[in-house]
Amino acid sequence: MLEQLSDKRGPHGLPTEPTFLRLLHLERRRTERSRQPFVLMLVERQPRAADERNSTMVERIVSALLSSIRETDVAGWYKDQCLGVIFAEVGARDKSGVIEALRTRMTAALRSRLRPGELDDLRLSFHWFPEETSDQGSLRRVTPVYSEVVQRQGKGKVPLAIKRAIDIAGSALALIVLSPVLLVIGLVIKLTSSGPVIFRQERLGQHGVGFTFLKFRSMYSECDPELHREFIRGFIAGSADGQAAAAADGVVYKLTQDPRVTPVGRFLRKTSLDELPQLFNVLKGEMSLVGPRPPIPYELEGYDLWHRRRFLEIKPGITGLWQVTGRSRLRFDDMVRLDLKYARTWSIWLDIKILLRTARVVLSGAGAH
């Protein structure tokens, strides 16, 4: 497969941009399975008018790269004026040491082929995959390179613009129509328990970018999150049971008998009315009406590498494919697979079908807790 893709050549005999991005995507998938890291090096030239000297400079850059990489490495066009090299099988050695060794070797190779001063016109950057996580489980950073790859391999600007237009129109209309309901819910929460009406929580959006997630408060104020944290650990590992776990008809994503939830909160959760403030997240562009649920940073502690794609590849949403397929009664791996299926097969029509099915599921109350 890799050999077939590599045969699709562009300028200077290197794989074309779409081919190279596909190779990069496949290498990332391999890394998720093998847990063997790889490094992406980008060589970017400063913008300048195309002339004969510039053309010969590119030839010499390509020659330097090809002469200094291994057969297992792949060089190609990342985008205009930018070359990329995928260094596969770098081993589990020290990240900084690997990158420094690659920088030294590639700089020396380029210097040997370029004329005086030309090396100063180049910018070399190195990106390590997979991304690292902090002690709290959240990503230290998601390289913008991966974000660009996802966007440029996506469905195109027009469908995404239509999706965003639907999000804006749909969330704004819903907030206007449901404003009396929002006010009544807020008043009931305020009168029945102490604490703020709106519950705010850090969540991870697309590409791991954090944002403040909004819900109506359904729990008593100042609750210890450790109960939910322990449940999430077990649920992701596939071992959620006992008092932290399951209804008789299957494993659930939420605690079924959470002592932290108020009586009013139980009603709000059962009817999904607690989710309505997320319409403001949609209006701000942090979420979409349809997409994977945004994870809490500490959830990443239990994530396998392939799980991360559920929030890296598409914007999170209020509802999604797994919510209308099994609502809360799905194992975590199955939920992630449905999220990835949605990202892979997304279309405007699919969003519309999910929204229509969501209304039916919410009215029935199936799987809600």
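Observations on the model:
- Matching residues in the stretch 294-335 - criterion: being of a type in the set (Ser, Thr, Tyr) and under 21 Å from ARG164 (Cα atoms): THR319
- Test: residue in the stretch 50-66 that is modelled with pLDDT under 90, under 31 Å from the mean Cα position of the chain (by Cα), charged (D, E, K, R) and at negative phi: no
- Of the helices (runs of 4 or more DSSP H) contained entirely in the stretch 14-124, those carrying at least 3 residues that are buried (at least 16 other Cβ atoms within 10 Å of the Cβ) and among the charged types (D, E, K, R) fall at 17-34.
- Taking first residues from the stretch 41-58 that are in the same structural domain as VAL85 (by TED's automatic domain parsing) and under 27 Å from HIS127 (Cβ atoms) and partners that are modelled with pLDDT under 70 and hydrophobic (A, V, I, L, M, F, W, C), the Cβ contacts under 9 Å between residues at least 6 apart in sequence or on separate chains come to LEU42/VAL145.
- Identity of the residue in the stretch 197-236, at pLDDT below 90 and of a type in the set (S, T, N, Q), that ends up surrounded by the most Cβ atoms within 10 Å (Cβ to Cβ): GLN206
- Matching residues in the stretch 302-327 - criterion: being more than 29 Å from ALA169 (Cβ to Cβ) and in contact with a Lys or Arg (Cβ under 7 Å, 6 or more places away or on another chain): GLY302, LEU305
Let's see how each residue does on (1) polar (S, T, N, Q); (2) out of contact with any strand residue (DSSP E or B) (no Cβ under 7 Å at 6 or more places or on another chain); (3) crowded, with 21+ Cβ neighbours inside 10 Å:
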site: VAL264; (1), (2), (3): no, yes, no
site: LEU268; (1), (2), (3): no, no, yes
site: THR271; (1), (2), (3): yes, yes, no
site: VAL282; (1), (2), (3): no, no, yes
site: GLU286; (1), (2), (3): no, no, yes
site: VAL290; (1), (2), (3): no, no, yes
site: PRO294; (1), (2), (3): no, no, yes
site: PRO297; (1), (2), (3): no, no, no
site: GLY302; (1), (2), (3): no, yes, no
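The values are calculated or read from the model by the stated rules, or taken from the named source; none is laboratory data. Quantities reported herein were computed from a predicted structural model and do not represent experimental measurements. FYI the Cβ positions are ideal-geometry reconstructions off the backbone, even for glycines, and counts take in every protein chain you see.
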